[in-house]
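Structure, as structure tokens:
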Amino acid sequence: MSVIAEISVPADDFELGRILELSAAGMVELESLVPTGERVVPYFWVCDADFEAFEAATESHPAVERLTRIDVFDDRVLYSLSWSAGNDRMFQSVDHVDAYILAATGSADSWEFELRFPDHDAMSAFQNRCGDRGVSFEVLRVFNPSKPDIGPWFGLTEPQREALVLAVEQGYYDIPRNCKTVEIADELGISDQAVTERLRRAIVTLSSNTVLSSSDR
């Protein structure tokens, strides 16, 4: 069962992040990746940057063969980049576990990737491989995309989401707790027992549709 993870990677931790050196205000958004033999040709937008300085810095990198302007607008430019990904430990780790980059955005400091893995084992292997190769990242979100009926809140019903959001905002899960279920019940207009059951079902549903694989259940 496939799994999608959103991660944040320091720009200095992988070669493409170092190649696409941006000013503090600049932003890059990956549009597509086109494999050409042993090379990967990314098409990406650069926004709100000093484009001439960006191009000069990118073209001077030894791994870059060619940087090409595709479309030019006042505040953004679409580029293609011909380069060898053989030394990029992040991209090699993605390829090694048969993952796929769905989306990526980058700034001067960090990049956020949306990656599709074949299963949770592949995601774990990717994490271990990156760690062994000095690529650090923060996991922002993990979810199971194979259930089209889970809706916008990972399968939570609106009442479950309402109770869970209220519990978090009022500090029910804080240590020490800042509220009791009876207070949440009063605000929702339901019984204390109903709140407890609604929160239990919400946590089970949320866990089942995000952090658990089919083999865990």
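The values are calculated or read from the model by the stated rules, or taken from the named source; none is laboratory data. These figures come from a predicted structure and were not determined experimentally. Quick reminder, even Gly has a Cβ in these numbers, built from the backbone with ideal geometry, and neighbours come from all protein chains shown.
Residue-level check: of (1) part of a loop (DSSP other than H, G, I, E, B); (2) at pLDDT 90 or above, residue 149 misses just (2). Screening residue 7 on (1) surrounded by fewer than 19 Cβ atoms within 10 Å (Cβ to Cβ); (2) at negative phi shows it passes everything except condition (1).
Taking each residue of the stretch 157-175 that is on the phi > 0 side of the Ramachandran plot and assigned by TED's automatic domain parsing to the domain that holds residue 203 and looking for partners that are modelled with pLDDT of 90 or more and assigned to a loop (DSSP other than H, G, I, E, B) with beta-carbon atoms closer than 6 Å, six or more apart or interchain, yields 171/178; 171/179.
Of 17, 86, all but one fail to be within 30 Å of residue 143 (Cβ to Cβ), in the same structural domain as residue 136 (by TED's automatic domain parsing), assigned to a helix (DSSP H, G or I) and not aromatic (Phe, Trp, Tyr); the exception is 17. Would you say residue 140 is touching a Phe, Trp or Tyr at 6+ places or on another chain (Cβ under 9 Å) and either buried (at least 16 other Cβ atoms within 10 Å of the Cβ) or hydrophobic (A, V, I, L, M, F, W, C) (or both)? So residue 140 fails the test.
So for the stretch 121-130 (the condition being of a type in the set (A, V, I, L, M, F, W, C), touching a Lys or Arg at 6+ places or on another chain (Cβ under 8 Å) and either modelled with pLDDT of 90 or more or not in a loop (DSSP other than H, G, I, E, B) (or both)), does at least one residue qualify? There is at least one residue in the stretch 121-130 that is of a type in the set (A, V, I, L, M, F, W, C), touching a Lys or Arg at 6+ places or on another chain (Cβ under 8 Å) and either modelled with pLDDT of 90 or more or not in a loop (DSSP other than H, G, I, E, B) (or both). Restricting attention to the stretch 152-168, the residues that are at pLDDT 85 or above and touching a strand residue (DSSP E or B) at 6+ places or on another chain (Cβ under 7 Å) add up to 0.
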